[in-house]
Structure formats: C-alpha cells, structure tokens
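Below: the structure, in structure tokens.
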C-alpha cells in the first residue's frame, strides 16, 4: 500500500536541519553519507527543515521509494 508507514520496522529521526528542497535522491544521499545506512532497508527516515514546521519522510517499499511531506499548521 502506498505510504504505509506501519510497514517500517524501524524509525530514524535525522538530526540537524535538512534542506527541504531535496527530493528522494538527495534524502537517500543523506541516509547513506550521514547515517551510513542503506535507504532501501525497512525503515522510515524523518527529516526536519530549518523552521521545524515541515517534515519529510522517506520510506522504501518493495517497488520503490515513497516520499511523504507534512506541513504543520498552528
């Protein structure tokens, strides 16, 4: 199912500020370079931008990546 985050075995919160203009390839590079992990594992990776009101989530499914984006409203 598209974007079923309950399928992830692990959740990783990537610390620091992430350039929210990055898409799937850029976020995969962060996972590989900073976390030294394979982005294709059964894990959900969470990224936060500078303003902390936006979150991107990267998830590998059996047929490709899913990129989720959430903008919080107060």
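Taking one quarter of the surface of the C-alpha convex hull of the chain gives a mean projected area of 5.0 nm². For a modelled paramagnetic label at residue 24, 7 Å from Cα along Cα-to-Cβ, the residues of segment 45-63 in reach, with backbone nitrogen under 12 Å, are 58-63.
Entry note, the chain: the mean residue ellipticity at 222 nm calculated from DSSP H runs of n ≥ 4, each adding -39500 (n - 2.57), is -4500 deg cm²/dmol after division by the residues and rounding to the nearest 500.
Remark: relative contact order (the chain) = 32 percent; criterion is Cα-Cα distance under 8 angstrom and separation of 6 or more residues. Measure nothing but the geometry: give the 0 to 90° angle between the long axis through the Cα atoms of 24-34 and the longest principal axis through the Cα atoms of the chain, rounded to 10°. Orientation of helix 24-34: about 90 degrees from the principal axis.
Rule-based calculations on the coordinates, nothing more; no lab input. Model, not experiment: these values are computed from the prediction. Glycine also receives a Cβ, built like all others from the backbone with ideal geometry; neighbour counts cover every protein chain displayed.
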